[in-house]
Structures are given as C-alpha cells and as structure tokens.
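First the structure, which I've put down as structure tokens, then a few questions once you've had a look.
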Amino acid sequence: MRQTFTRRHLLATAGAALLLPAVARAAEPVRHNISAFTHQDWRDHFSELGQGAIVCDTESRALHFWAGDGSDYRVYPTSVPKTDELTKRGYTRIVRKKVGPSWTPTASQMERFPDWKPVAGGAPDNPLGTHALYFDWPAYLIHGTHDTRKIGRRSSDGCIGLYNEKIAELYALTEIGTQVRLL
C-alpha cells in the first residue's frame, strides 16, 4: 500500500519537529542558580566572633554577617569580581566606614579604561553607591551599587557589591574592627 503525503501531513511533521527540542529541554533536570546561598558558620572561619564577622563567598555570591554578640546572622546577595585575577582572597578587617564615598579609579583601571574619571560621593553614577566599608587592603572594599543588574553576578572590578539598601543596613550593623574573610 502506497501512502501519499498531503500538505496537512507535511505541516504536522514540521510542527512536531519544531516542538521536539522544547519537549526534550523540559525533560532535563532543573539546574539551580549559582547564587543559591550555602549556609556558613563563623566558627569555620574565625577562632572567636570578636566585634563581628563577615564572610564573602565569591562562589555563591553571598555575604554572611554575624554580630559581635552572636545575636544576629544575615545573608546578603552580592556582586563579585569579574575574574579570579581580580579576586583577592584571605583575611582582613573593616578599618573605615563612609557614607557617600567618592570613587577614584585605580592605576590598573586607568590603564585598562583611560576614559574613566573620579566620581564625587553622592553622585548618581558613583560605582560605590551610597555606603562603603573599607578593608585594610588598599582599593578593595564592600560597597553599594546603583546598578542593581550587577548583584548576583561576576561584575565588579575587584570589590564586593551590595544593593544600596542592603549596604546601608550592613553599614549600620558593622563596627570598625569587624573581621572579614573572602573565599
């Protein structure tokens, strides 16, 4: 028996071929977002809580904060450095806090982006946002950002970024001398 293909058969076959990749994708296991925060315990990083502790986990893109008296634990989504070369890891402390920080490009940033200019504190285009917590490492800090698309991504030139409302909250909680670890 010979079967003839009609226009209707051809359209049905073409439609099925177009739907097949979507059906196959739907059957794939769900992949979780990299920014799914992993729980941290300050005791895994510090011998004592002291004036408080911050762990910046660049893998899960989260900042973990513990108050010095141990009564408060918070997790914040962050932006992290674009590359491993820009990522500094290790132990440091908060040595200075600033509301309305000004921003000046570093020497290496000026080499890569010669058109970048310093930005005054409080300016809407300030890459440091509304608040900053400075480490004892030069030119590396935790700060806010006006560009909310950066949070949850590898998007910074070296620093740890938070939403402006979250850095304001962390700023109020954090004492000078708070210990910090960047993973």
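The values are calculated or read from the model by the stated rules, or taken from the named source; none is laboratory data. These numbers were taken from a predicted model, which means no experiment stands behind them. Please note: Cβ atoms are built from the backbone with ideal geometry, for glycine as well, and neighbour counts cover all protein chains shown. SASA here: full protein model, heavy atoms, side chains in, ligands and nucleic acids out. Shrake-Rupley method; radii C 1.70, N 1.55, O 1.52, S 1.80 Å.
Hey, does the range 62-81 have a residue that's touching a Pro at 6+ places or on another chain (Cβ under 9 Å) and modelled with pLDDT of 90 or more?
Here is the first cut: in the range 62-81, the ones touching a Pro at 6+ places or on another chain (Cβ under 9 Å) are 62-63.
From what's left, modelled with pLDDT of 90 or more: 62-63.
The answer is yes, given that some residue of the range 62-81 is touching a Pro at 6+ places or on another chain (Cβ under 9 Å) and modelled with pLDDT of 90 or more.
Return the residues of the range 134-150 that are buried (at least 20 other Cβ atoms within 10 Å of the Cβ) and touching a residue at least 60 places away in the same chain (Cβ under 8 Å); say none if nothing qualifies.
Answer for the range 134-150, where residues must be buried (at least 20 other Cβ atoms within 10 Å of the Cβ) and touching a residue at least 60 places away in the same chain (Cβ under 8 Å): 142, 145.
To continue, here is another question. Look at the range 67-87 and say how many of its residues are surrounded by fewer than 15 Cβ atoms within 10 Å (Cβ to Cβ) and in a loop (DSSP other than H, G, I, E, B).
Of the residues in that region, 8 qualify.
On to the next question. Select from the range 88-118 the residues that are over 18 Å from residue 132 (Cβ atoms) and either of a type in the set (S, T, N, Q) or open to solvent by 40 Å² or more (accessible area, probe 1.4 Å) (or both) and list them in ascending order. Before the answer, list the steps.
Step one: list which residues in the range 88-118 are over 18 Å from residue 132 (Cβ atoms), which gives 89-91, 107-108, 110-115, 117.
Result: 89, 91, 107, 108, 110, 111, 112, 113, 114, 115, 117.
At least 3 residues that are polar (S, T, N, Q) in each: list the strands (runs of 3 or more DSSP E) lying fully within the range 93-183 that qualify.
Working: elements: 131-135, 141-145, 154-156, 160-163, 179-182.
Because the criterion is at least 3 residues that are polar (S, T, N, Q), no strands (runs of 3 or more DSSP E) in the range 93-183 meet it.
Does the range 160-180 contain any residue that is farther than 26 Å from residue 67 by Cα and of a type in the set (D, E, K, R)?
no
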